[in-house]
Amino acid sequence: MKIKLIDIAHGRSGDKGDAANVGIIAYDEKGYEIIEKHLTVERVKKHFEGICFGAVERFELPNLRALNFILHNTLGGGGTVSLKLDAQGKTLAAALLRMEINVQ
């Protein structure tokens, strides 16, 4: 069965210089188990292909039922120098929440 992340989680995102910070927070324990298993660095990097040109780091926060991703070299130099429309990465959590995952 395919689901979208938005059905089991919400998110926040922002910037740290040229890196975007994307947090995905599951609504409940079952949702956290799903994102912990399926939301890998590789999947996130692939999802942001053409936007994220650097490494992706994943940090687990099980007490918050959340995963935090740092997407390096994503914001065109950062808010003050970038020509991108979203130089602070504010919409990237919404973009990631549209990802579909197969759950058994």
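D86 - would you say it is farther than 18 Å from K2 by Cβ and at pLDDT 95 or above? So that I can check it myself, show each step before the final result.
On the way: farther than 18 Å from K2 by Cβ: yes; at pLDDT 95 or above: no.
It is false that D86 is farther than 18 Å from K2 by Cβ and at pLDDT 95 or above.
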Inset, instruction - Given the conditions (1) hydroxyl-bearing (S, T, Y); (2) touching a residue at least 40 places away in the same chain (Cβ under 8 Å); (3) not in a strand (DSSP E or B), report the number of the one that Y32 does not fulfil. - result: (2)
Inset, instruction - Say whether the condition of being surrounded by fewer than 19 Cβ atoms within 10 Å (Cβ to Cβ), touching a Gly at 6+ places or on another chain (Cβ under 7 Å) and either over 21 Å from V103 (Cα atoms) or of a type outside the set (K, R) (or both) is met by at least one residue in the stretch 44-51. - result: no
Inset, instruction - Would you confirm whether any residue within the stretch 56-77 is modelled with pLDDT under 70 and of a type in the set (D, E)? - result: no
Inset, instruction - Output the residues belonging to the stretch 59-72 that are exposed (fewer than 15 other Cβ atoms within 10 Å of the Cβ) and touching a Leu at 6+ places or on another chain (Cβ under 9 Å). - result: F59, E60, L61
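Name every residue in the stretch 27-43 that is more than 13 Å from L96 (Cβ to Cβ) and crowded, with 20+ Cβ neighbours inside 10 Å, in order of residue number. Spell out how you get there, then give the answer.
Taking the stretch 27-43 first, the residues more than 13 Å from L96 (Cβ to Cβ) are 27-34, 36-37, 42.
Listed by number, the list holds a single entry, Y32.
The values are calculated or read from the model by the stated rules, or taken from the named source; none is laboratory data. Keep in mind that this is a model prediction, so the values were computed, not measured. With ideal geometry, Cβ positions are generated from the backbone for all residues, glycine too; neighbour counts draw on all protein chains shown.
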